[in-house]
1. Quick check on segment 461-470. Is at least one of its residues under 21 Å from ILE372 (Cα atoms) and more than 15 Å from the ligand (Cβ to nearest atom)?
2. Among the candidates ILE126, ILE107, ILE135, which residue alone is in contact (Cβ under 8 Å) with a residue 24 or more places away in the chain and touching a Gly at 6+ places or on another chain (Cβ under 7 Å)?
3. Could you please let me know if GLU280 is at pLDDT 95 or above and either among the basic types (Lys, Arg) or in contact with a Phe, Trp or Tyr (Cβ under 8 Å, 6 or more places away or on another chain) (or both)?
4. Taking the stated definitions as given, is LEU15 within 11 Å of the ligand (Cβ to nearest atom) and not in a loop (DSSP other than H, G, I, E, B)?
5. Kindly indicate the residue of segment 226-252 that is part of a helix (DSSP H, G or I) and touching a Leu at 6+ places or on another chain (Cβ under 7 Å) and also nearest to the ligand (Cβ to nearest atom) among those meeting that condition.
6. If you go through segment 35-53 one residue at a time, do you hit one that is out of contact with any strand residue (DSSP E or B) (no Cβ under 8 Å at 6 or more places or on another chain), within 9 Å of the ligand (Cβ to nearest atom) and in a helix (DSSP H, G or I)?
7. Among the residues of segment 54-67, how many are buried (at least 21 other Cβ atoms within 10 Å of the Cβ) and more than 11 Å from the ligand (Cβ to nearest atom)?
8. Suppose we filter segment 138-152 for residues that are free of Cβ contacts under 8 Å to residues at least 60 places away in the same chain and not in a loop (DSSP other than H, G, I, E, B); how many remain?
Amino acid sequence: MKSTINIIGSGFSSLAASCYLAQAGYEVNIFEKNQTIGGRARQLIKDGFTFDIGPTWYWMPDVFERFFSDFNKKPSQYYTLEKLSPAYSVYFGKNDYVTIEDTLDKITEAFEKEEKGSSKKLKKFIDNAKNNYDIAIKDLVYNPGVSPLELVTPATIKKINQFFSTIKKDVRKEFKNDRLVKILEFPVLFLGAKPSDTPSFYSFMNYADFGLGTFHPKKGMYQVILAMENLAKELGVNIKVNSPIDKIIVENGKAKGIVSNGENFHCDVVVSGADYHHTETLLDKPLRQYSENYWEKKTFAPSSLLFYVGFNKKLKNVNHHTLFFDVDFDVHAEAIYDNPRWPENPLFYASFPSITDDNAAPVGKEAGIFLIPLAPGIEDTPELRSQYFEKIIDRFENLTSQNVKNDIIFKESFCLNDFVKDYNSYKGNAYGMANTLLQTAFLRPKLKSKKVKNLFFTGQLTVPGPGVPPSLISGKLVADLVTKHHSI
Ligand SMILES: Cc1cc2nc3c(=O)[nH]c(=O)nc-3n(C[C@H](O)[C@H](O)[C@H](O)COP(=O)(O)OP(=O)(O)OC[C@H]3O[C@@H](n4cnc5c(N)ncnc54)[C@H](O)[C@@H]3O)c2cc1C
């Protein structure tokens with residue numbers, strides 16, 4: 001009889017792991033607590049509007065291609081990808097914004113207009129970023145984070161100084177214009193830490209941004225979840241929703257099954273794609289590897305306050321992705337990382353998928369998603385949510401020179417309490433654990449439990465880190481480890 005693997009959760013990492021494990025010949029079952037699959041990448045459908053609840057930026061298309069090609073498939077067999085043109089725009093003041101176009105040549109031109117001589121510097125910066133991308137995303141991130149030696153290759157030895165300098169220092173050394181600095185520091189925010197705590201080597205995110213571009217799957221990011229669900233089902237994976245796991249069954253030091261809705265589901269291996277901290281609470285205390293103190297000391301990626309808004313008209317002066325960097329990022333970052341509290345004047349991000357995708361809103365209307373990054377673990381109340389909506393919508397109206405408040409058909413919010421309730425997220429984090437120097441690769445929580453045999457972890461709190469492409473990679477890494485340690 002085939003060995004059985006029970007997987008907790010149905011986010012990107014769990015779905016990816018399930019595909020690889022089913023392909024390797026195991027009997028694979030996914031147990032998802034929520035009514036629908038996809039985890040942080042679920043979808044909200046309301047009054048003819050469709051919103052991605054979580055990820056909206058499709059970056060690093062090569063990682064998705066590599067995933068599907070491992071099953072002799074292509075993304076295009078499941079969803080239609082469009083390169084956004086322009087990629088996004090960044091507001092710095094009233095009617096004052098920089099547009100990031102869809103090719104490096106056009107972006108270079110925009111840089112030169114902002115700061116004389118910057119185009120040459122940008123070319124050099126992106127050449128180095130591309131080189132880092134080739135080393136990191138095509139190779140390094142596919143290591144399981146078991147040994148520090150994984151990071152030591154002839155290519156990384158040459159770059160050792162880039163592990164000890166930071167993105168903030170490197171960018172500011174070359175570029176003086178504050179707007180260009182903010183634009184170049186933006187991509188590493190996806191890694192969950194401040195640019196001043198992110199090693200220079202991570203400039204590969206700038207190559208992902210300017211070199212590869214920003215894509216949109218038609219009908220939204222959820223199409224990628226549906227694609228992976230289809231692939232998983234084609235490979236024979238069973239998916240159960242409304243199935244929260246309350247306990248991992250351990251006998252003689254080995255994971256033997258899981259308990260859901262009072263029923264035991266026996267298996268040979270358990271893989272959890274649920275938040276790492278939560279998964280360990282499903283074990284008796286002596287079987288947990290990391291103490292509360294360990295988690296407390298880690299740098300977590302931000303949580304977020306999100307609004308999903310249906311507008312009764314088309315909006316002006318915005319792009320599919322629009323960033324509002326008209327306030328001081330350092331002050332906001334301090335409120336996220338150093339002295340956790342609600343930021344007085346937050347930066348925010350807005351997405352209007354209906355600008356490029358007719359499926360996102362009824363004709364003549366606009367779907368808007370607004371996101372304010374917040375510290376995990378802070379208070380979350382309906383009053384705070386409303387107060388912050390007012391703050392950003394006032395600024396939005398002023399910066400983009402239009403009235404929108406009277407055209408709001410509905411607004412739904414999602415914040416820390418929802419991250420905890422819906423995903424069992426540690427302190428309500430949105431993007432998992434940040435990628436800082438001391439939280440990279442072998443220094444992250446491990447894919448394989450050191451205390452319970454046949455228990456494995458995947459997802460944004462383990463290797464390689466936060467984001468959809470890393471979650472796909474995490475699923476592959478855990479499947480490789482399981483296959484190595486447990487025969488079919
Ligand atoms: C608001 C937001 C915006 C983002 N934007 C981007 C972006 O633009 N681009 C990008 O690349 N990335 C983005 N990310 C990050 C990206 O979405 C995540 O890194 C990725 O989706 C994480 O996948 P995962 O599999 O690790 O975890 P999750 O998606 O959290 O999956 C974990 C699953 O486990 C389930 N679960 C938890 N506990 C249990 C239990 N006891 N029993 C059963 N099931 C359980 C949860 O319900 C969930 O389905 C964003 C994230 C958020 C929240």
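1. Among the residues of segment 461-470, not one is under 21 Å from ILE372 (Cα atoms) and more than 15 Å from the ligand (Cβ to nearest atom), which makes the answer no.
2. ILE126
3. yes
4. Yes.
5. MET228
6. yes
7. Count: 1.
8. Residues that pass the stated criteria total 1.
The values are calculated or read from the model by the stated rules, or taken from the named source; none is laboratory data. Only a predicted model underlies this, so the values are computations on that prediction, with no experimental measurement involved. Cβ coordinates were reconstructed from backbone atoms using ideal geometry, including for glycine residues, and neighbour counts include every protein chain displayed.
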